Amino acid sequence: MCAPVIQRLLIISAGMVLAAALSAGLALLSRGVQARAPGKWETRIMTHAKHSLLVGGKDKRNPLPATSELIAEGQHDFSHYCYVCHGLDGQNTGVPFADAMSPPVPSLASREIQSYTDGQLHWIIQNGLWPSGMPAARGILTDEEIWSIVLYVRHLPPAGRLGEPAAYSSE
C-alpha cells in the first residue's frame with residue numbers, strides 16, 4: 001500500500017473511534033450513570049479474578065502466632081483504621097453506607113473473604129483492592145500491624161457484639 005492510502009485509513013479509523021466515543025458519551029449523558037449492585041455472574045467473575053489474578057501474596061505466611069494478646073492488638077489496630085467501612089466487628093455493623101457502595105462492602109466473616117490466604121489478606125490491606133474502593137494501608141500501617149489485623153479478621157466476634165462505631169452513633 002502506498003503512504004496516502006495508509007494515511008487515509010488511519011484518519012478514517014480515528015474518526016470512527018471518535019464517533020463511537022462521542023456516541024457512548026451522549027448515551028451516558030442522556031440516561032445518567034447509576035451504580036447498581038453487581039449481578040450473580042459479575043460477582044462470580046470478579047471473585048475468581050481477585051483470588052486468582054489481582055491479589056498477590058498467596059503463599060506468604062503470617063509470622064505472628066494467633067495468641068489472644070496479638071488478636072487483641074489486631075482488634076485495636078482494626079478499630080483505628082478499618083472500622084469506618086467494616087464496623088468494629090468486621091461485619092459492617094452500624095456502617096450506614098456499606099450496602100450502598102458498588103460493590104457493597106463485604107462482611108469480613110463471609111466465606112468469600114475468609115477463603116483468602118493470610119498472605120492475600122495482608123496484600124489486600126497493604127495494597128488496597130481495585131476496583132472495590134478498598135484503600136491501601138502502605139505507609140500508614142506497619143507490617144506487624146497489618147499481620148495483627150489479619151489475625152483479628154480470622155477471629156472476628158459475632159456480628160453486632162461490639163456495637164456500632166461511635167462515628168455513626170446518634171449519641
Exercise for review: Inspect the range 26-34 for any residue being out of contact with any His (no Cβ under 6 Å at 6 or more places or on another chain) and at pLDDT 75 or above and give the result as yes or no.
Suggested key: no
Practice item. Could you tell me whether any residue of the range 143-154 is hydrophobic (A, V, I, L, M, F, W, C), at pLDDT below 95 and in a helix (DSSP H, G or I)? Key: no
Practice item. Mind listing whichever residues of the range 75-120 are touching a residue at least 60 places away in the same chain (Cβ under 8 Å), more than 18 Å from G160 (Cα to Cα) and part of a helix (DSSP H, G or I)? Key: D77, Y81, E112, G119, Q120
Practice item. Answer with yes or no whether A37 is of a type in the set (A, V, I, L, M, F, W, C), modelled with pLDDT of 75 or more and either within 30 Å of P165 (Cβ to Cβ) or in contact with a Phe, Trp or Tyr (Cβ under 6 Å, 6 or more places away or on another chain) (or both). Key: no
Exercise for review: Report the residue count in the range 117-154 for those that are more than 26 Å from P96 (Cβ to Cβ) and of a type outside the set (D, E).
Suggested key: 16
**Study point:** Residues located in the range 57-78, provided they are closer than 17 Å to E145 by Cβ, under 19 Å from the mean Cα position of the chain (by Cα) and either loosely packed, with under 15 Cβ neighbours inside 10 Å or among the aromatic types (F, W, Y) (or both)
**Key:** F78
Practice item. Kindly indicate whether any position in the range 94-112 is closer than 25 Å to G39 by Cβ and in contact with a strand residue (DSSP E or B) (Cβ under 6 Å, 6 or more places away or on another chain). Key: no
Check your understanding: If you go through the range 132-144 one residue at a time, how many are over 19 Å from the mean Cα position of the chain (by Cα) and touching a residue at least 24 places away in the same chain (Cβ under 8 Å)?
Key -> 1
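The values are calculated or read from the model by the stated rules, or taken from the named source; none is laboratory data. Being a predicted model, the structure only gives us computed values, none of them experimental. Every residue, glycine as well, gets a Cβ built from its backbone with ideal geometry; the counts of neighbours run over all protein chains shown.
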